[in-house]
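The structure appears right after this line, and notes come after that.
Taken together, the values in this text are just the output of simple stated rules run on the coordinates, not laboratory data. Please read these numbers as outputs of a predicted model, since none were measured by experiment. Using ideal geometry, Cβ is built from the backbone for each residue, glycine included, and neighbour counts are taken over all protein chains shown.
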Amino acid sequence: MKNKLVTGFSKLSKKEKTTWLSDNLGINTATLDKLKDFQCHDQKTQDIIDGFSENTIANFYLPYGLSPNFLIDGEVYCVPMAIEESSVVAAASAAAKYWSERGGFRTTILGTTKVGQVHFSWNGEYQKLIANFENIKTTLLGSVGEITYNMNKRGGGIKDIELISLAKVGSNIYQLRVTFETCDSMGANFINTVLEQFAQTLEDYFMQHDTFNDDEKDINIIMSILSNYTPECLVRVEVSCPIDEIGTFSNGMMAEQLVEKFKLAVQIAKEDVYRATTHNKGIFNGIDAVILATGNDFRATEAAGHAYAARDGRYRSLSNCEITDGVFRFWMDIPLAIGTVGGLTSLHPLAKLSLEILGNPDAKKLMSIIASVGLAQNFAAVRSLITTGIQQGHMKMHLLNILNHLGANDEQKEEAISYFQNQTISFAAVRTFLSIEV
């Protein structure tokens, strides 16, 4: 059947939406009945989850696992991770255990500033705008007193307002760049509410002040929105140890050879965008899993991280490596604008559980935890690449997925796991082992 245009779809009930799928797209009724298996047993919880999005017909499950033994700034954490890639939690756990025996992860919060922007056009003289800007700024701040009151009480609020000319866009295009401190909340709704009020106040200011003639009173607000690029909301995470404590590895590689090869791999990711993209994807394998588990926004986090990786005009590795005076050091700086209050962190039952498992951290501590998981994941991936290769460990973790896909019973799974301990794993090889005809 061909898809058809539909009106009023959002007003249909779940049952009516699934009936529409059957009637209009020919989806098998038995298949649609399986959606019932992906509903919460508790209707109150299901109603909360339905409220997160639009046109929901079921919940889409991801595995929710734990990565223990993360020693971060002297405290041990068991970190919740929501991700479907089989090797990620195992790799993070292995790296966490490895570094827990070598001093653990150390973090420094370099900043927590977030950014919002009001873009507008104005046809007056730039110098006249500059001359009036301090008064404009005072008026803007005065207009949002009620909005910022509670945030100010918590130690946050507006840090500064800067006027920027966007001459490359147009001679009369400007930006108010506003910096914020949002404490333990991600702050998107707070920031956007402030910015929209600023936009209204700016329009009123130009209309009401005699400083500007009639031609100068016409100001056009283009848009008001937070920026997900947060280079000043930054955490540094690192691990280090003497080379003689690095140990040996399964392929027999000695410590000196490993650290030199590891450093070279990171340098390649610094210079080659093809490698850097996959290198940084590995970092976000760990970061996204914790972001999801804690109810934060992985899309905003990735956007900020990738922009930061290209901050000098060329996309590079987020992580760094050096060997100095016999000490191996591996670290990264990464922007993480996240929260522990508000939004899904306060509403999603598993997000609340995740924060409880982590000891109900504030936003800064959660930044440190998330960054540590990202660096652990990166360490595990690079170590695998330069020793045994990535596929050996990855495919062993993926073997069970293949067996389930091929419908293997428990006895066949046990035999296959034993057989493939020392064999190359592929879909075709597993199918052959099970004697399944194509």
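With each label modelled as a point 7 angstrom along the Cα→C-beta vector, the Ser171-Ala30 pair spans 7.2 nm. Subtracting the Cα-Cα distance of Phe38 and Thr278 from their residue separation scaled by 0.36 nm leaves 83.1 nm. Here's the picture: charge each Lys and Arg Cβ at +1 and each Asp and Glu Cβ at -1 in the chain, and of Val430, Ala276, Ala289 the one pushed furthest to the positive end of that dipole is Val430.
For region 1-61, the convex hull spanned by the alpha carbon atoms encloses 91 Å³ per residue.
Between the beta carbons of Arg154 and Asp218, assuming R0 = 51 Å, the FRET efficiency works out to 0.85 to the nearest 0.05. Going by neighbour counts of Cβ atoms within 10 Å, the residues Arg316, Arg275 line up, fewest first, as Arg275, Arg316. Listed by chain and number, the aspartates and glutamates placed with their C-alpha closer than 13 angstrom to that of Lys4 are Asp23; residues fewer than eight positions away on the same chain are left out.
Region 82-103 and region 307-353 have Cα centres spaced 16 Å apart.
Span-like helices, the chain: DSSP H, alpha-carbon axial extent 15 Å or more, mean Kyte-Doolittle 0.0 or greater, which ones?
86-100, 273-293, 363-386
Over 28 Å apart at the Cα level, from the set Lys263/Lys413; Lys261/Lys413; Lys44/Lys114; Lys114/Lys352; Lys114/Lys168, are Lys263/Lys413; Lys261/Lys413; Lys44/Lys114. Note on Arg431 and Thr388: the model spin-label points, each 7 Å out from Cα along the C-beta direction, lie 2.6 nm apart. For region 1-134, a Kirkwood hydrodynamic radius built from all Cα pairs, placed in the Stokes-Einstein relation at 4 °C and 1.567 mPa s, yields a translational diffusion coefficient of 61 µm²/s.
Counting every alpha-carbon pair across region 229-307, the share separated by more than 15 Å comes to 70%. When the chain is treated as a GNM with alpha-carbon contacts under 10 Å, the residue of Thr113, Thr387, Thr345 showing the greatest mean-square fluctuation is Thr387. Between amide H atoms placed 1.01 Å from N, distances below 5 Å from Asn69 occur with Tyr77, all of them 5 or more places distant or on a separate chain. Projecting the Cα atoms of Ala167, His119, Ser143 onto the charge dipole of region 116-167 (Cβ charges, centred on the Cα centre) puts Ser143 farthest toward the positive pole.
Over the Cα atoms of the chain, each weighted equally, I'd like the Debye log10 I(q)/I(0) at q = 0.07, 0.10, 0.14 Å⁻¹, rounded to two decimals. Taking Cα atoms of the chain as identical point scatterers yields -0.49, -0.91, -1.30. Remark: spin-label model distance Asp312-Asn59 equals 4.6 nm, labels positioned 7 Å along the Cα→Cβ axis.
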